[in-house]
1. Would you list which lysines come within 17 Å of LYS18, measuring only between C-alpha atoms, while excluding same-chain residues fewer than 8 positions from it?
2. Could you work out, for the chain, what percent of all Cα-Cα pairs fall into each 10 Å distance bin, beginning at 0 Å and stopping at the bin that holds the largest distance?
3. Starting with the highest mean, order 95-101, 27-33 by the number of other Cβ atoms within 10 Å, averaged over the residues of each peptide.
4. Which residue fluctuates most in the GNM of the chain (Cα springs below 10 Å): ILE38, ILE52, ILE14?
5. Give, as a single signed number, the net charge of other residues whose beta carbon lies under 13 Å from the beta carbon of ALA80, with Lys and Arg counted +1 and Asp and Glu -1.
6. Calculate what fraction, in whole %, of the accessible area of the chain sits on carbon and sulfur atoms when a 1.4 Å probe is rolled over the protein chains.
7. Scan the stretch 8-95 for GluC sites (Glu not before Pro) in coil per DSSP, keeping those whose Cβ has at most 16 other Cβ atoms within 10 Å, and list them by number.
8. With each pseudo-label sitting 7 Å past Cα toward Cβ, what's the PHE67-SER86 distance in nm, one decimal?
Amino acid sequence: MAMNINDQNFQELISSGKPAVVDFWAVWCGPCRRMTPIIEELAEQYAGRVNIGKCNVDESQSLAAQFGVMSIPTVVFFNASGEEVSRIVGAQSKARVEEEIKQLLN
């Protein structure tokens, strides 16, 4: 299951020494809702290797602003050092998101 990411636990997530994926989303966003099962599947599939979470932009506005999230869904990929290495904006296929995750693990 994907973690619920917020202002309080974000730093812990990206400083864990594992790659991380954060899906910035909102309840009212249709494309975000289409991404939810994909993010959940990938969180289960990569459990223990990659930290995968969802950040509700309405509840964590400062975190969304910190990363310049202007459109949702936005999925941000962090390496094991906690640095952003890529992002994808808009609803994507599972294969597209997984492609980015595999790059994190290489």
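The values are calculated or read from the model by the stated rules, or taken from the named source; none is laboratory data. No experiment lies behind these values; they were computed from the predicted model shown. Counting neighbours? That spans all protein chains shown, and the Cβs are built from the backbone with ideal geometry, glycine included. Note: areas computed on protein heavy atoms with side chains; ligands, DNA, RNA excluded. Shrake-Rupley method; radii C 1.70, N 1.55, O 1.52, S 1.80 Å.
1. LYS54, LYS102
2. Result returned by the calculation: 16, 56, 27, 1.
3. For the peptides 95-101, 27-33, the packing ranking is 95-101, 27-33.
4. Comparing ILE38, ILE52, ILE14 in the GNM, the peak value goes to ILE38.
5. Every neighbour counted, the sum reads 0.
6. C and S atoms contribute 49 percent here.
7. For GluC sites (Glu not before Pro) across the stretch 8-95 that sit outside H, G, I, E and B with at most 16 neighbouring Cβ atoms in 10 Å, the list reads GLU59, GLU83.
8. According to this spin-label approximation, the distance is 1.5 nm.
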